[in-house]
1. Specify the residue that is modelled with the lowest pLDDT; the eligible residues are those in segment 99-122 that are farther than 24 Å from Arg45 by Cβ and surrounded by 14 or more Cβ atoms within 10 Å (Cβ to Cβ).
2. Which numbered condition in (1) more than 13 Å from Val116 (Cβ to Cβ); (2) touching a residue at least 60 places away in the same chain (Cβ under 8 Å); (3) assigned to a strand (DSSP E or B) is the only one that Phe31 fails?
3. Of the residues that make up segment 47-55, is at least one modelled with pLDDT under 95 and touching a strand residue (DSSP E or B) at 6+ places or on another chain (Cβ under 8 Å)?
4. Just to be sure before I move on: is Leu112 part of a helix (DSSP H, G or I), in contact with a Leu (Cβ under 9 Å, 6 or more places away or on another chain), under 23 Å from Gly19 (Cα atoms) and not polar (S, T, N, Q) in the structure I sent?
5. Mind counting the residues in segment 37-67 that are buried (at least 17 other Cβ atoms within 10 Å of the Cβ) and over 13 Å from the mean Cα position of the chain (by Cα)?
Amino acid sequence: MRPHTTSPTKLAAKLLKAGRTGAELLQVRDFKTDEAQHDDDLHARVCAEFSAEVDRLKEELSKKYGKPWRTGSKDTRLVPGGGVVRYAVWRVGKMRLHVSAAREDREVPFLLTLGVVAGDVA
């Protein structure tokens, strides 16, 4: 996995300052071959790696934004998109800041995302 070149704290501040819903893709893990798409062990390893990265980012972002409002390891409506396997969400003013690992299906990539949802903190 190749890390994003901007620190997560700076990236979060940039997204929050924009004042609108948006997200940045931090890392992607493709499964380009049919063999890779159906390799259960590979998928489990990648899921564990991305989940660990969410936990690392959660710790880093918590230094600035405090303890997350919600965390979990199941798909949630708190994070846009689907297939979420790990997430952390903070309330920041009238916005939600989130970091998540997700994958919709075996044929699509794992995604590590940092984003905000504007005007929806419930």
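The values are calculated or read from the model by the stated rules, or taken from the named source; none is laboratory data. Here the structure is a predicted model, which means the values were calculated and not measured. Please note: Cβ atoms are built from the backbone with ideal geometry, for glycine as well, and neighbour counts cover all protein chains shown.
1. First pass over segment 99-122, keeping only residues farther than 24 Å from Arg45 by Cβ: 115-122.
Among the residues that remain, those that are also surrounded by 14 or more Cβ atoms within 10 Å (Cβ to Cβ) are: 115-118, 121.
Numbers: Gly115: 96, Val116: 96, Val117: 95, Ala118: 92, Val121: 61.
Looking at the filtered set, the residue picked out is Val121.
2. Here Phe31 meets the rest and fails (3).
3. Residues of segment 47-55 that are modelled with pLDDT under 95, as a first pass: 47.
Pick out the ones that are also touching a strand residue (DSSP E or B) at 6+ places or on another chain (Cβ under 8 Å) and you get 47.
Among the residues of segment 47-55, at least one is modelled with pLDDT under 95 and touching a strand residue (DSSP E or B) at 6+ places or on another chain (Cβ under 8 Å), which makes the answer yes.
4. On the way: part of a helix (DSSP H, G or I): no; in contact with a Leu (Cβ under 9 Å, 6 or more places away or on another chain): yes; under 23 Å from Gly19 (Cα atoms): yes; not polar (S, T, N, Q): yes.
No.
5. The number of residues fulfilling the criteria is 3.
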